[in-house]
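Trainee: What follows is a structure written as C-alpha cells; I'll ask about it next.
FYI, it's all coordinate maths here, none of it is from the lab. Just so we're clear, the structure is a prediction, and the values are computed from it rather than from any experiment. Please note: Cβ atoms are built from the backbone with ideal geometry, for glycine as well, and neighbour counts cover all protein chains shown.
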Amino acid sequence: MIDFCGLRLAHPIVNGSGTFDAIAARRAFGETIDSEFPFAAFVSKTITLAPRAGNAPPRLWEAQSGLVNSIGLPNKGLVGYIEQELPELARLPVPLITNVMGSTAEEIAELLGVCDTREEIAALELNVSCPNVHTGLDIGADPLQLERVVAAVRPATGKPLIVKLTPNCANVAECAKAAEAGGADALSLINTLRASALAPRDPGARRFSPPRAWLGGGTGGLSGAALRPVALAQVAAVAARVEIPVIGMGGVQSAAHARQFLDVGARLVAVGTESFRDPAAGSRIARGLLGV
C-alpha cells in the first residue's frame, strides 16, 4: 500500500484528469469495472462553476507520436456534478479526487468549499492551467500570482489539495515552489503543451492564402508519447525542488515508462492518452510495476 496525502492506495497508478470516463466505462463493461478498476484512485474531469459546452469540433488531431486535443473542458457545472455524477463516481472502489478550475480565487474557493462538504470526495486537484480574467495570464504561469491564489483558496477545504501545474511557463520548478508555499499538499504535472494543427491546404487555394486551423478551438494541447521527455525533465526539476509529493504524467505507455517517473522523484504516476487506446492500460502498467 502507498500513502499519498493520507490516502491509502493499492499501487502508484492513477488516471490523468479527463482521460478516463468511469461512468461510461461502467456502461460499457458493466459491474466488472468495480472489481477490475484500472487505477488506485480516480481523478475526475475538470469541474467548473457553470456548465461548459466545450469547444466547437473538430476537437482532436492525431499527431506523430501524440494527440492534439481542443476539448474545451465540457462539463455539467458544479451543481450538475454534485447531483448527477458524484453518486455514480462514489460507487467506485477507489478514492475519488475531484479536479476543479476557476478563473479567479473567488470561483476556486467556491468550488473547493462545496466539494469540501462531500464525504464522497477524498481529495481535490486544482487545475491552474487556465486564464485569469484580470491579468490575461495563466494563473499557474506566474509564481507570485500562483502562490497568492493557492494561499487565498487553501482555507476553503481541509481535504488534501493537489495543484496541477502548467508546463507552459518559464520555470516550472519556481511555480511548484510557489504552490507549495501557498499551501498545496501535492503537485501534479505535466499538463498538455500548447499546440496547433493546420488543415490540409486546398489544392485550389491561392498560393499565399493563410493557413487554416483544423481544430475548432484554434489551438489545443499536445499529449501522448511525444510529451514524455519533456515531462520527465519537468517532473525531475520539480521533485528536486519541493518537499511535498508529486504525481508525474506525460506519455506513459508502459511499466518501464512509469518506473522512469518514479525514479526521478514522482510518488504517483498518471496515465492519460494511453487509456484511449487501451482502457485497461492502468492495470497493465500497475501489474508491470509490481512484477505480476
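Trainee: Please say if region 135-292 is rounded, prolate or oblate, where rounded means a/c under 1.5 for a ≥ b ≥ c the square roots of the C-alpha gyration tensor eigenvalues, and otherwise the choice is prolate for a/b larger than b/c and oblate otherwise?
Mentor: Taking the square roots of the gyration eigenvalues as a ≥ b ≥ c, region 135-292 is oblate.
Trainee: Using Cα pairs under 8 angstrom and six or more residues apart, how large is the relative contact order of region 1-137, in percent?
Mentor: Over region 1-137, the number comes to 23 percent.
Trainee: Moving on to the next point. At a Förster radius of 35 Å, what calculated FRET efficiency corresponds to the Cβ-Cβ distance of Ile23 and Gln64, to the nearest 0.05?
Mentor: It comes to 0.65.
Trainee: Hey, another quick one. If I stretch the segment between Glu31 and Ala181 completely, what's the gain in nm (0.36 nm per residue apart, minus their alpha carbon distance), one decimal?
Mentor: Net length gain for the segment: 49.8 nm.
Trainee: Work the Kirkwood hydrodynamic radius out for region 1-92: mean of 1/r over every pair of different alpha-carbon atoms, inverted, in Å.
Mentor: Mean inverse Cα-Cα distance, inverted, gives 15.1 Å.
Trainee: Using label points projected 7 Å from each Cα along Cα→Cβ, tell me how many nm separate Ala170 and Met1, to one decimal.
Mentor: Here the answer is 4.5 nm between the modelled labels.
Trainee: Still on this structure: Give, rounded to the nearest 20 debye, the magnitude of the charge dipole that the chain has about its Cα centre when Lys and Arg contribute +1 at Cβ and Asp and Glu contribute -1 at Cβ.
Mentor: Computed charge dipole of the chain: roughly 960 debye.
Trainee: Given the DSSP H assignment, sum -39500 (n - 2.57) over each helix run of at least 4 residues in the chain and divide by its residue total; what's the result at 222 nm in deg cm²/dmol, nearest 500?
Mentor: -8000 deg cm²/dmol
Trainee: Further, regarding this structure: What ranking, highest mean first, results for peptides 65-78, 17-30, 37-50 when packing means the other Cβ atoms within 10 Å averaged over each residue?
Mentor: 37-50, 65-78, 17-30
Trainee: Extension gain Ala280-Val79, at 0.36 nm per residue separation less the Cα-Cα distance, in nm?
Mentor: 69.3 nm
Trainee: Counting Lys +1, Arg +1, Asp -1, Glu -1, what net charge surrounds Ala178 among other residues with beta carbon under 10 Å of its beta carbon?
Mentor: Summing Lys and Arg as +1 and Asp and Glu as -1 gives -2.
Trainee: Given Cα pairs under 8 Å that are at least 6 residues apart, what percent is the relative contact order of the chain?
Mentor: Contact order relative to length: 20 percent.
Trainee: Okay, next question. Using alpha-carbon pairs under 8 Å, 6+ residues apart, how would you state the relative contact order of region 1-73 in percent?
Mentor: 25
Trainee: For Arg194 and Ala240 in the same chain, what is the full-extension length gain: residue separation times 0.36 nm, less their Cα-Cα distance, in nm?
Mentor: So the chain would gain 14.1 nm between Arg194 and Ala240.
Trainee: Can you tell me the order of 268-277, 154-163 when each peptide is scored by its average per-residue count of other Cβ atoms within 10 angstrom, highest first?
Mentor: Answer by packing, highest mean first, reads 268-277, 154-163.
Trainee: In nm, to one decimal, how far is the Leu144 label point from the Thr219 one, both placed 7 Å along Cα→Cβ?
Mentor: Each label point lies 7 Å from its Cα, and together they span 2.4 nm.
Trainee: Hey, can you rank 79-89, 177-187 by average C-beta count inside 10 Å, highest first?
Mentor: So the peptides 79-89, 177-187, ranked by packing, come out 177-187, 79-89.
Trainee: On to the next question. Rounded, prolate or oblate: which fits region 58-183 when a ≥ b ≥ c are the square roots of the eigenvalues of the alpha-carbon gyration tensor, with rounded for a/c under 1.5 and prolate only if a/b beats b/c?
Mentor: Oblate.
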